[in-house]
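Each remark here refers to the structure printed beneath this line.
The values are calculated or read from the model by the stated rules, or taken from the named source; none is laboratory data. Keep in mind that what you see is a predicted model, and the values were worked out from it rather than measured. Backbone-built Cβ (ideal geometry, glycine too); neighbour counts: all protein chains shown.
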Amino acid sequence: MNGKLRHDAMRVAVVVALSGSAVASCGKTEAGQSPAAKPAEPAADKPAPAPVVDTTPPRAAPPPGVPTTPKDLFADFAKPGADRAAVMAKYGAGVTFTARVVETGGEDVGFDIDGDHQILATFADPGQAMAVKVGDALAVTCKLKRGDDRGVQVSDCTGKPADPSAVPVDTGPTKVDQVGGLTIDFVGGIDKVMGDEYVVKGPKGAVFLEPVAQPKRIAEAKSDADGMSAKNYKQDKLADGYAITYDNVGTAGPNYFVEVQRTIAKKVYHCSTIGRSSDEQQAVLAACKTLRK
């Protein structure tokens, strides 16, 4: 090996040796000892975070509504000279009532007022409305939408099944000014039939009332019933007239007749029906006996 090559080799050996010494020295303390691992400093005690407190005031429960009945609610709107704006304000918190279902369709349910008028209720949950059946008794809470002498509309209704005995049973009285100002213990709306004859139509049937120009003797009334192929004929003499009931079968099915003639305040009146059930027949018979001025 010539001198230059020997010199370069020695330089490399020295550089390597110095490098190793430098690396070794970097791992030692001043005393020539390897440093011990520095212990972790204990974490300073920190207070637990304060619990988050919801300061939002609790949401108020929806108002329960003003307790009423279908008849009373309707009367507030239908009475002559009613201040309907004041009625709306009176029931501003909503209405709560118990009633029987008389009509269903989609999210709307019809509740009976008097047999001739209805409360039309739109339910907040259409599924609940569609599960309701005609004849069901419901306790409902609704917002009042509008009302007049034709009926009442409510909305955003919620309801639950009610005891049928909780449904108000309205027996009247109903004053029929159109027929001599008579009063009858039978609830219903009043409609004109023809001439001087009017009908009080309610949930228990229909009572037809008219003044009589030519009174009919009870024998004549029985003869008329015989001509109708009467069955289960019964007659009852009253202090001021008579009452007859019978039934037959017509082309549309069974018919249940009531024929009552009475003299009230020196005038003669005819009270009658052709019912679809014996229950209607008995309800009308009882009502005709309550006719009075």
Q. Out of curiosity, is G188 surrounded by 15 or more Cβ atoms within 10 Å (Cβ to Cβ), in contact with a Ser or Thr (Cβ under 8 Å, 6 or more places away or on another chain), small (G, A, S) and not assigned by TED's automatic domain parsing to the domain that holds F74?
A. yes
Q | Count - residues of the range 221-258 that are closer than 27 Å to L182 by Cα and assigned to a helix (DSSP H, G or I) | A | 4
Q. Looking only at the range 225-258, which residues are surrounded by 13 or more Cβ atoms within 10 Å (Cβ to Cβ) and free of Cβ contacts under 8 Å to residues at least 24 places away in the same chain?
A. Y233, Q235, D236, Y246, N248, P254, N255
Q: Search the range 174-183 for residues being in contact (Cβ under 8 Å) with a residue 24 or more places away in the chain and surrounded by 15 or more Cβ atoms within 10 Å (Cβ to Cβ), and hand back the single one that is farthest from E107 (Cα to Cα).
A: G180
**Q.** Subset of the range 259-284 (residues that are part of a loop (DSSP other than H, G, I, E, B) and crowded, with 19+ Cβ neighbours inside 10 Å)
**A.** none
Q. Looking at the range 87-119, which of its residues are over 13 Å from K143 (Cβ atoms), among the aliphatic types (A, V, I, L, M) and part of a strand (DSSP E or B)?
A. A99, V101, V102, V109
Q) Which condition does D83 not pass, out of (1) over 28 Å from Y198 (Cβ atoms); (2) surrounded by 17 or more Cβ atoms within 10 Å (Cβ to Cβ); (3) among the acidic types (D, E), if it passes all the others? A) (2)
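Results for (1) within 20 Å of the chain's Cα centre (by Cα); (2) assigned by TED's automatic domain parsing to the domain that holds V87; (3) crowded, with 20+ Cβ neighbours inside 10 Å, shown as yes or no for each residue.
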| site | (1), (2), (3) |
| --- | --- |
| G115 | yes, yes, no |
| Q118 | yes, yes, yes |
| K192 | no, no, no |
| V212 | no, no, no |
